[in-house]
Amino acid sequence: MLKPLKIEPTHKTPRVYLEPETNTFELGGRSIPEDSVGFYKPILEWIDAYSESPNPKTEFKFELEYFNTSSSKNILELLKKLEAIFNKGNEVHITWYYDEDDEDMEETGEDYKALLQVPLELVMKAHY
Amino acid sequence: MILNNNDSSRISGPLQFSYPCFIDMLSNNLIFMYRGVVTSDLVTHVLQIMEERLEEDKASKKTSKKVFNVMVECLRNVYSDEMSQEISELESTAILLVKSEEDGYLVSTGNYLKNSEVEMLKNRLDKINQMDGEKLKVYYQELLTSPIAEKGLSSLGMIDIARKSKQKIAYQFQTVNEFFTFFTLEAKVIRR
C-alpha cells in the first residue's frame with residue numbers, strides 16, 4: 001500500500017495529510033510558498049501514485065485560509081488529478097471549506113467548481 | 001504639543017528624522033510602512049504584524065481577510081525573485097504602505113522598473129481596469145487554465161487584486177531617469 005504523505009503546516013505552507021488507509025485526504029491552512037511548484041511537486045506525484053489504485057471512495061477536504069496566485073495553479077492541477085481519478089469510474093468527492101467571513105475563498109471555490117467536472121461541494125464554516 | 005511638518009527643520013539630533021516621519025505617518029493614518037527587499041519570509045512577517053495592526057484598528061474579520069488577500073497579491077507584485085540574476089539592487093527594493101481611511105484600507109506598493117517594462121504593464125492594468133466583475137471572472141479562469149507562464153501569473157495576480165478589492169486598481173508611473181521608472185500601485189479595500 002502507498003505510504004501516507006504528511007506535511008506539517010508552516011506560516012507559509014499548508015498542512016497536507018494524505019492517508020488512504022484511514023481515508024484522510026486534507027489540505028489546509030495558508031499557501032504562500034516561495035516556490036509553489038517545488039512545494040506541490042511531491043503532493044502531485046503522490047496523487048499520481050495513488051491514482052494507480054485509489055480507494056473506492058476518495059473524500060478530499062480543502063480548508064484553505066489564503067493562498068497566492070502561484071499556488072492557485074498548483075491547486076488546480078491537484079484538483080484535475082482528482083478529476084482524472086473520478087473519470088476512471090471511482091467515487092471522488094471534494095469539499096471546499098471556507099470561513100463565513102471569507103467571500104474570497106468562497107469565490108475561489110466557485111471558480112474551481114466551474115472549471116471541473118468532479119463533484120465539488122462548497123461548505124461554509126460558521127463561527128460559534 | 002504637536003509640531004507641524006514645517007517646524008521640523010528647526011529640530012536637530014535624532015528627532016530631526018524620526019519625529020517628522022512619525023508625524024507624517026500619524027497624520028496620514030499609516031498603520032504600516034516598510035521599505036526594502038520583499039522576500040517570501042518578509043511577506044509572512046508582514047502578515048503577522050498586520051494581523052495585530054488590523055485588530056488594533058478595529059477592522060472586522062471580513063475586512064481583515066480581504067486586506068490580507070489583497071496584500072498577498074500586492075506584495076507578490078513587488079516580490080524580488082532571489083533566483084534572478086538580472087535584477088539590480090535598485091529594482092529589488094520596494095515600499096509597502098497600508099493606510100487606514102474612514103471607509104477602508106488603502107494598500108499601496110511602489111517599486112522601480114526598467115523603462116522597457118512600463119508599456120506592457122500599463123496595457124495589462126488598463127485591460128483589467130476596463131473589465132467588470134463578470135469579465136474579470138472569465139479572464140481569471142482563462143488564465144488559470146492556460147499553461148504556466150510567469151507573465152500569465154503576474155496578470156493573474158493583478159486580476160486577483162481587482163476582483164478581491166472590487167475596485168479599479170490605481171497606478172502611476174514616474175520616470176526616474178533614462179533607465180528606470182517608479183511604479184506605484186494602489187488597491188482599496190472597503191470597510192465592511
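Per residue, how big is the convex hull of chain B when only Cα atoms are used? Give it in Å³.
Given the Cα convex hull of chain B, per-residue volume reads 157 Å³.
Please list the radius of gyration and Dmax for segment B:105-192, considering alpha-carbon atoms only, with Å as the unit.
When restricted to the Cα atoms of segment B:105-192, Rg and Dmax are 13.7, 44 Å.
Using the Cα centre of chain A as the reference point, and only Cβ charges (+1 on K/R, -1 on D/E), how large is the resulting charge dipole? Debye, rounded to the nearest 20.
Roughly 600 debye, rounded to the nearest 20.
So for the pair A:GLU19, B:GLU134, with labels modelled 7 Å out along Cα→Cβ, what separation do we get in nm?
4.7
What does the highest-first list of A:61-68, A:17-24 look like by mean Cβ count within 10 Å?
So the peptides A:61-68, A:17-24, ranked by packing, come out A:61-68, A:17-24.
Near A:LYS6, which lysines are there with a Cα under 18 Å away, not counting those fewer than 8 places off in the same chain?
Candidates past the 8-residue exclusion: A:LYS41, A:LYS61.
Amide H neighbours of A:VAL123 under 5 Å, at least 5 residues apart or on other chains, H built in the peptide plane: list them.
A:TRP96, A:TYR97, A:TYR98
Any idea what the dipole of chain B comes to, in debye rounded to 20, about its Cα centre with Lys/Arg Cβ at +1 and Asp/Glu Cβ at -1?
800
Taking R0 as 35 Å, what FRET efficiency do you get between B:GLN172 and A:LEU115 from their Cβ-Cβ distance, rounded to the nearest 0.05?
Computed FRET efficiency for B:GLN172 and A:LEU115: 0.50.
How much of the DSSP beta bridge set in chain A is antiparallel, as a percent to the nearest 5?
30
All other residues with a Cβ under 13 Å from the Cβ of B:ARG163 taken together, and with Lys, Arg as +1 and Asp, Glu as -1, what is their net charge?
-4
Hey, what did segment B:102-168 get for relative contact order, percent, Cα under 8 Å, at least 6 apart?
Once divided by the residue count of segment B:102-168, the mean separation gives 35 percent.
Can you return the aspartates and glutamates within cross-link range of B:LYS61? Criterion is Cα-Cα under 13 Å, with same-chain partners fewer than 8 residues away left out.
Reachable aspartates and glutamates: A:GLU65, A:ASP99, A:GLU100, A:ASP101, A:ASP102, A:GLU103, A:ASP104, B:GLU51, B:GLU52.
Can you pull the mean other chain C-beta count within 10 Å for peptide A:72-82?
For this peptide, the per-residue mean of nearby foreign Cβ atoms is 2.
Mind ranking B:136-142, B:47-53 by how tightly packed they are, going by the mean number of other C-beta atoms within 10 angstrom, highest first?
With the highest mean Cβ count within 10 Å placed first, the list reads B:136-142, B:47-53.
Two decimals is fine: what is log10 I(q)/I(0) at q = 0.12 Å⁻¹ for the protein assembly as shown, from a Debye sum with one equal scatterer on every Cα and no solvent?
Taking Cα atoms of the protein assembly as shown as identical point scatterers yields -0.88.
Count, for each residue of B:40-48, the Cβ atoms from other chains sitting within 10 Å of its Cβ, then give me the mean as a whole number.
3
At B:VAL118 and A:ASN90, where each label point lies 7 Å from the Cα along Cα→Cβ, what is the point-to-point distance in nanometres?
With each label placed 7 Å out from Cα toward Cβ, I get 5.4 nm.
So what J values fall out for segment A:86-96 if you push phi through Karplus, 6.51 cos²θ - 1.76 cosθ + 1.60 with θ = phi - 60°, rounded to Hz, Gly and Pro as x?
In residue order, the calculated couplings are 4, 5, 7, x, 8, 7, 9, 10, 10, 10, 10 Hz.
When you look at the Cβ of every residue in A:98-109, what mean number of other chain Cβ atoms sits within 10 Å?
Average per residue, whole number: 4.
Readers should treat all values here as calculations from the given coordinates under stated rules, not as data from a laboratory. Note that this is a predicted model, so its numbers are computed, not measured. Positions of Cβ are backbone-derived with ideal geometry, glycine not excepted, and every protein chain shown enters the neighbour counts.
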